[in-house]
Amino acid sequence: MEKTLPKISILIPTRNRIDSLRETLLSLTDLDYPRNKYEVIVIDDNSSDGTEEILVNIQDILPYSIRCKRLKDKRGPSAARNLGMQMAEGKILVFTDDDCQFENRWLKEISAPFNNKNVGAVGGPDFAPERANFFSKCIGYLLHHLLELEDFEEEVN
């Protein structure tokens, strides 16, 4: 089965979010996906909170390798994502944020729809974590329930 799984590049832009970034990277440790089939790329948008040092130190405790690049000037998440795409080696590019937590089956569920040649992009529900503030939980509720994102499909012609 491992041979049929595509290589995935997980792209994470960050800026001055050292604590949430650390939690995000730790949540990727138990993915039910072969470690040689995914890469994690973190683009630091010129943080000033010690992010660069944490990225160097955390690599010693992570069971997977990460590649990091620091932008010289603050250029925003779009520029960081664009640089991450240039660095990526995966067949599938996964864009996420530095404050996300992941279930172990996350990558398998993201990659499965790509077995259909008509699929060009996938998405999923975005739940606010338990520790999130009230506003974040409201946004998560709206996205998940009112917009019914889990049922959204568009046929590609």
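Taken together, the values in this text are just the output of simple stated rules run on the coordinates, not laboratory data. Every value quoted in this text rests on a predicted model; they were computed, and no experiment measured them. Ideal geometry is used to build each Cβ from the backbone, glycine not excepted, and the neighbour counts take in all protein chains shown.
Which of the pairs Lys7/Lys74; Lys117/Lys137; Lys37/Lys74; Lys7/Lys69 have their Cα atoms more than 26 Å apart in this structure?
Lys7/Lys74; Lys117/Lys137; Lys37/Lys74
When ranked by the protection proxy of mean other Cβ atoms within 10 Å per residue, highest first, what sequence do the peptides 80-91, 32-43 form?
Ranking, from highest mean packing down: 32-43, 80-91.
Taking the Cα centre of the stretch 39-120 as the origin and placing charges on Cβ (Lys, Arg +1; Asp, Glu -1), which of Tyr64, Gln101, Asn115 is farthest toward the positive end of the dipole?
The residue sitting farthest along the positive end of the dipole is Asn115.
What ratio of Cα Rg to 2.2 N^0.38 Å holds for the stretch 2-119?
Dividing the Cα radius of gyration by 2.2 N^0.38 Å gives 1.04.
For a protection proxy built on the mean count of beta-carbon atoms within 10 angstrom, sort 132-138, 100-106 highest first, please.
The densest-packed peptide leads the list: 100-106, 132-138.
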